[in-house]
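Just so you know, all these numbers are worked out from the coordinates, no wet-lab data involved. In this text, all values refer to a predicted model and were calculated from it rather than measured experimentally. Because the Cβ atoms are built from the backbone with ideal geometry, glycine has one as well, and the counts that use them run over all protein chains shown.
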Amino acid sequence: MQCKYCASEFPEDAQFCPLCGAFTGTKSDLPLEHLKLTILRADLSGFTKMSESMTAEEVMIFLNNVFSTMAEITASHKGIMYDIIGDEMVSIFGYPQESGFSPQMAIMAAEEMLRTILEMNKKETAENPIGLKIGIAMEKASLYNIGNDLRSSYIMTTGFAKSQVLQKNAEENTILICDNLYRIAKSFFTFEEIGEFVQDALSVRAFEYRMKGA
């Protein structure tokens, strides 16, 4: 059979294209969900420099403390800590049941994460304080659910790529969101348009979230 997205050939019993990963739609009973997910990606800026003066054990203890705190913040805003990659974390909001308020909850979680890091810096005596660079994107997603666990699901969405573009272009201790999220959240929060970022043919219009009292 031929993939309708990339035109590559794949076996008839394949559920996903082996080249581009698209769902082939060959079985109608595949446990596939279609949701609108809000994806938050946060990176610890300044951590590499700080870790140079730490032992490997101290680095692991520090990261465990930080990410366990971020996981608690995510859960308290009805999100799920989806993945941790080095000094970067990814959280998802709007699953298992899409909520009309999950986009706003993601922004509130991001603000609490940022304030928590800033408070940690006040308490620590480290010469090199750390920061957070946060990107949040809201996009439609298709989920091939395996065992009712988001972490073992196959998720197809541009939200991962868009949140990464935003996170990579965020200044230290700032939160950037995409235009889809801006349209929903602009009545609840204050934003400033930053401009458009282009990466690997992906264009993302960015807005910076302004924290109260910041």
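Points worth noting:
- When the alpha carbon coordinates of segment 34-210 are projected onto the principal axes, the ranges are 45, 40, 32 Å, largest first.
- Normalised by the number of residues in segment 34-210, the mean separation of alpha-carbon contacts (under 8 Å, six or more apart) gives a relative contact order of 25 percent.
- Under 14 Å from the Leu150 label point (7 Å along Cα→beta-carbon), backbone N, segment 176-200: none
- Fewest neighbouring Cβ atoms within 10 Å first, the residues Val90, Val198 line up as Val198, Val90.
- Applying a threshold of 18 Å to the alpha-carbon distances of Lys78/Lys123; Lys140/Lys168; Lys133/Lys168; Lys78/Lys162 flags Lys78/Lys123; Lys140/Lys168; Lys78/Lys162 as lying beyond it.
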